[in-house]
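Below is one structure, written out as structure tokens; the observations come after it.
The values are calculated or read from the model by the stated rules, or taken from the named source; none is laboratory data. The structure displayed is predicted, hence computed values, not measured ones. For neighbour counting, all protein chains shown are included, and Cβ atoms are generated from backbone atoms with ideal geometry for every residue, glycine included. All accessible areas refer to the heavy atoms of the entire protein, side chains included, with ligands and DNA or RNA removed. Shrake-Rupley method; radii C 1.70, N 1.55, O 1.52, S 1.80 Å.
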Amino acid sequence: MSCNKFEGNIPEIVGNLTSLQVLNFSHNKLTGPIPSSFGNLTALESLDLSSNRLTGRIPMQLTDLNFLEVLNLSENQLVGLIPLGKQFNTFPSDSYVGNSGLCGFPLSKGCGPDEPPASPVFHEESDSSSGLDWKFVLMGYGCGMVFGFSAG
């Protein structure tokens, strides 16, 4: 779908193609916002909307795309804070280049006067039983070695 001289808004109905894995509308003349219905594309692994004339904010619904590995929104007219969370914490600044109105992580441009860009927050899940499990593994390994050397 890239380089086809498509014009106008991206139809919301594209968000109903839930089995879609790759969507490339790059290098067209698309205008208007990125449809929030793209959040329904739960199997999507690659989204390239670069080199269009898209406007508005990046929909928060895109952060729900757990399989999204490649994102290219460069060379549009997008504005506002880049959403944080899940896969969005992994995309490089190249994904957003050419959108002078965007701000926040991973760009160096903060979203307010004299504000540094927000950094992603990584939460480690702590499981108190995992430390105990390792103790048992190490104790079993040690006992096995002792018995192995004494029997061998």
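The rows are residues; the columns are (1) open to solvent by 50 Å² or more (accessible area, probe 1.4 Å); (2) aliphatic (A, V, I, L, M).
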| position | (1), (2) |
| --- | --- |
| Leu30 | no, yes |
| Asp48 | no, no |
| Asn66 | yes, no |
| Ile82 | no, yes |
| Gly101 | no, no |
I need a count of the residues in region 89-109 that are at pLDDT 90 or above and either part of a helix (DSSP H, G or I) or of a type in the set (Ser, Thr, Tyr) (or both).
7
Might you let me know whether region 36-43 holds any residue that is more than 25 Å from Gly8 (Cα to Cα) and surrounded by 14 or more Cβ atoms within 10 Å (Cβ to Cβ)?
yes
Consider Asn52 against the criteria (1) under 20 Å from Ser95 (Cβ atoms); (2) in contact with an Asp or Glu (Cβ under 7 Å, 6 or more places away or on another chain); (3) surrounded by 15 or more Cβ atoms within 10 Å (Cβ to Cβ): it satisfies all of them except one. Which criterion is unmet?
(2)
Do we have any residue at all in region 43-57 that's of a type outside the set (S, T, N, Q) and farther than 20 Å from Met1 by Cα?
yes
Output for region 45-72, where each listed residue is out of contact with any strand residue (DSSP E or B) (no Cβ under 6 Å at 6 or more places or on another chain) and closer than 17 Å to Leu20 by Cβ
Glu45, Leu49, Pro59, Gln61, Leu62, Asp64, Leu65, Asn66, Phe67, Leu68, Glu69
Exclusive hit being in contact with a Cys (Cβ under 9 Å, 6 or more places away or on another chain), part of a strand (DSSP E or B) and not hydrophobic (A, V, I, L, M, F, W, C), set Gly112, Gly80, Gly8
Gly80
From the list Thr31, Thr18, Thr55, Thr63, which one is assigned to a loop (DSSP other than H, G, I, E, B) and not charged (D, E, K, R)?
Thr18
